[in-house]
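**Student:** Just dropping this structure here.
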Amino acid sequence: MKSVRIGAGQGFWGDSPFPALDVVQSGNVGYIACDALAELTLAILQKARQKDPAKGYVEDMFFSLLLGPCRAKGIKILTNAGGINPPGAGRMVCDLARRMGLKGLKIAVITGDDILPRIGDLRSAGVDLSDMEKGGDISSIEDRILFANAYLGAKPMVDALEMGADVVIAGRTSDPAQFLAPMVYELGWRWDDWDRLAAGILLGHLMECSAQSTGGNFGGEWWNIPGMERIGYPVAEVYENGEAVISKPEGTGGRVDLRTVKEQMLYEVHDPAAYVTPDVVADFTSARLEEDGPDRVRITGMKGRPRPETLKVSIGYSDGWLGEAVVRYSWPHAMQKARKADEILRRQFAALGLQFEEILTEYIGFNSLSGPLAWGDGGDLNEVGLRIAVRTRNKLDAARMPRLLPPLALNGPPTAGAGGGGGMPRPRELIGLWSALVPRGEVEKQVKIDILEVD
Amino acid sequence: MPRVLLMDLAHARSGDKGDTVNIGLFPYRDEDYRLLKDQVTAERVKEHFRGLVEGEVIRYEVPNIRAFNFVLKGALNGGASRSLRSDNLGKCFGANLLRMYVETGEKQKV
């Protein structure tokens, strides 16, 4: 039976590229696929493009490290690292390949996911862009929109592979799409073969977060996961009939078993019986998982239903500013000192007329990651950090707030530790996310594939 | 009735989408699936996360992998990129769910 081996290369912008090199060198793969875009990555990239129109794509070590070895082994690369500017990313990779002497390398650039220039048109065409989570009319945020991108499926990437691309660069795609594309291309799956497409989506979902299916971020007995310093990224061997085995490259750390794979299977999933993607609605409750030897999990039985007639659009908008600062106190009475400092600061905000929409107090070492679920009262802690965070429409107020903390060392409760905090934190722009559905035809009609060939 | 921490019976992972958090909950032993099904209800999880989660909580059963998926709406102070919280991505919700106590008919061990 025909099969294809596909490896994971990246789970987010900032992920380690070295396990990707292990996938290339010892994963015995034909393809490596990367998911570089978390929900808010486009907001960061949009800002980079505002400063320099040539930027707006994911810039990291991935291509400089991986392009040569992939070319040498004939491994094709698929990524959504194009971000908000896939043509810019295509030019960057093309220049890099030229400098490396990779003559003849073909780079496909997929555009059309960016619908920001078309929001007005879509509204006048009667498309309802209300937020899927909260409802509301888009006019309430229209003057603050930073980016608006539709999630594309695997089809344009399959087209790019058919055009002979060695590297496929897209912008916003559904996270598993980069992984599904080579399966469809190599195994000849039809676009209405819902069960096989659903199998491909589940496998893509298991690989899109890099080591999260091989023992990373494992909520079980994580202390038993071996070799996390050189953890292996997942590799899938996928058969023509949609059955597959998830494993990892020989000699790498981590663990692939039912526990690690199941955790990733439900990661960021809502209704497991209806995982909606542009290519198929996958039913994760139909899959059968079984261990198939050490670090191998076999996946069979996946079922899918027809794809939706709409595509999800993710819209980011400017939503005020965050100001934050930390001051730490030592035993004795660390918690009481931190609480007192919080009380002082809140009185000072009022006295200075600093207006905040929201003030959040967290005690690091006591409740900053558990909030109201924290146990005890923190009475005997060795040290506590007071973290205070504010939300404001006014950038200046967000910048002023942290300056009230250093004086506490002399003017407030004793034993304030000021070192090692990384200086005065700068205000950070907050980005609201707005999700809507648009008819897929409205997006697909503007999707384009350009091929760049390295000379 | 003896009671144990959910941490002793199950593992969990959480993640975010917009202002929604999901938590996958996985009993270590298949035979505990029933116990979790009876006791770790959507209502109880909603109550457990009071103060962190503003919206509804939905529970999906995933019997093929002996798991449950909890979807918590209005859980992230507006969503990762506009949240003031340290755990802006909701990565710790899974661990926080495991702070729940459940009643067992017998003495349990992982």
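The values are calculated or read from the model by the stated rules, or taken from the named source; none is laboratory data. Predicted model only: the values in this text are computed from it and were never measured. Here the Cβ is made from the backbone with ideal geometry for all residues, glycine too, and neighbour counts use every protein chain on show. Side chains are part of the model used for accessible areas, which takes the heavy atoms of the whole protein and leaves out ligands, DNA and RNA. Shrake-Rupley method; radii C 1.70, N 1.55, O 1.52, S 1.80 Å.
**Student:** Relative to the first principal axis of the alpha-carbon coordinates of chain A, what is the inclination of helix A:86-99, with its axis defined by its Cα atoms, in degrees from 0 to 90 and to the nearest 10?
**Tutor:** 70 degrees
**Student:** Okay, moving on. How far is helix A:41-51 tilted off the main Cα axis of chain A, in degrees rounded to 10, range 0 to 90?
**Tutor:** Between the helix axis and the principal axis of chain A, the angle is about 80 degrees.
**Student:** Sticking with this structure for a sec: Please compute the modelled spin-label separation between B:R29 and B:M7, points set 7 Å along Cα→Cβ, answer in nm with one decimal.
**Tutor:** Each label point lies 7 Å from its Cα, and together they span 2.0 nm.
**Student:** Could you sort A:Y233, A:Y185 by their accessible area in this structure, using a 1.4 Å probe and putting the largest first?
**Tutor:** The residues order as A:Y185, A:Y233, largest area first.
**Student:** Counting only other chains, what is the mean number of Cβ atoms within 10 angstrom of the Cβ of each residue in peptide B:72-85?
**Tutor:** Going residue by residue through B:72-85 and averaging, the value is 6.
**Student:** Taking chain A as the reference, fit the longest principal axis to its C-alpha atoms, fit the long axis of helix A:62-73 to the helix C-alpha atoms, and give the angle between the two in degrees, 0 to 90, nearest 10.
**Tutor:** Roughly 20 degrees, rounded to the nearest 10.
**Student:** Got a sec? What order do A:W222, A:W321 fall in by accessible area at 1.4 Å, biggest, i.e. largest, first?
**Tutor:** A:W222, A:W321
**Student:** If the reach is capped at under 17 angstrom between alpha carbons, list the lysines near A:K395, excluding any in the same chain fewer than eight residues apart.
**Tutor:** A:K395 reaches A:K47.
**Student:** Turning to a different aspect of this structure: What percent of all Cα-Cα pairs in the stretch A:319-433 falls in each 10 Å bin, counting up from 0?
**Tutor:** Binned Cα distances yield the sequence 14, 45, 33, 7, 0.
**Student:** Moving to a separate point now. Could you please state how large a percent of the accessible area of chain A is carbon and sulfur, counting protein chains only and using a 1.4 Å probe?
**Tutor:** Taking all protein chains in place, chain A shows 51 percent carbon and sulfur surface.
**Student:** Calculate, for A:A54 and A:R426, the FRET efficiency according to 1/(1 + (r/R0)^6) with r their C-beta to C-beta distance and R0 30 Å; round to the nearest 0.05.
**Tutor:** 0.75
**Student:** Which of the three applies to the stretch A:254-355, rounded, prolate or oblate, going by the alpha-carbon gyration tensor with a ≥ b ≥ c and a/c under 1.5 meaning rounded?
**Tutor:** Oblate shape, in that a/c is at least 1.5 and b/c is the bigger or equal ratio.
**Student:** Need the full-extension length gain, A:A374 to A:L116, defined as separation in residues times 0.36 nm minus the C-alpha distance. One decimal, nm.
**Tutor:** 88.6 nm
**Student:** Next question, about the same structure. Can you give the accessible area of A:R91, probe radius 1.4 Å, in Å² rounded to 10?
**Tutor:** It works out to around 130 Å².
**Student:** Follow-up question, since we're still on this one. Mind grabbing the accessible area of B:R34 for me, 1.4 Å probe, Å², rounded to tens?
**Tutor:** It works out to around 140 Å².
**Student:** Can you count the Lys pairs in the stretch B:3-103 with C-alpha separation below 17 Å, eight or more apart or on different chains?
**Tutor:** Final tally of qualifying lysine pairs is 5.
**Student:** Starting from the residue with the highest accessible area, list A:I451, A:I225 in decreasing order, probe 1.4 Å.
**Tutor:** A:I451, A:I225
**Student:** Now for a separate question. Roughly how crowded by other chains is peptide A:369-379, in terms of the mean Cβ count from those chains within 10 Å of each of its Cβ atoms?
**Tutor:** 4
**Student:** Quick check: residue separation of A:L410 and A:R393 times 0.36 nm, minus the Cα distance between them. What number comes out in nm?
**Tutor:** Result for the pair: 3.1 nm of gain on full extension.
**Student:** Further, regarding this structure: Tell me: how much accessible area in total is hidden between A and B, 1.4 Å probe, Å², nearest 100?
**Tutor:** 4000 Å²
**Student:** Under a 1.4 Å probe, what is the accessible area of the stretch B:3-103 per residue, stated in Å²?
**Tutor:** Averaged over the residues of the stretch B:3-103, the accessible area is 36 Å².
**Student:** If you don't mind, another one. Could you pull out every one of the lysines with an alpha carbon less than 21 Å from that of A:K303, ignoring same-chain neighbours closer than 8 positions?
**Tutor:** Here the lysines satisfying the reach criterion relative to A:K303 are A:K2, A:K155, A:K262.
**Student:** Determine, for each peptide in A:369-375, A:106-112, the mean count of other beta carbons within 10 angstrom over its residues, then list the peptides with the highest first.
**Tutor:** Put in order of decreasing packing, that is A:106-112, A:369-375.
**Student:** When only DSSP loop residues count, what GluC sites (Glu not before Pro) in the stretch A:318-409 have their Cβ near at most 12 other Cβ atoms within 10 Å?
**Tutor:** A:E357
**Student:** Taking each residue in B:11-21, count the Cβ atoms of any other chain within 10 Å of its Cβ, then average. What number comes out?
**Tutor:** Mean number of neighbouring Cβ atoms from other chains: 6.
**Student:** For a protection proxy built on the mean count of beta-carbon atoms within 10 angstrom, sort B:3-9, A:203-209, B:13-19 highest first, please.
**Tutor:** The densest-packed peptide leads the list: A:203-209, B:13-19, B:3-9.
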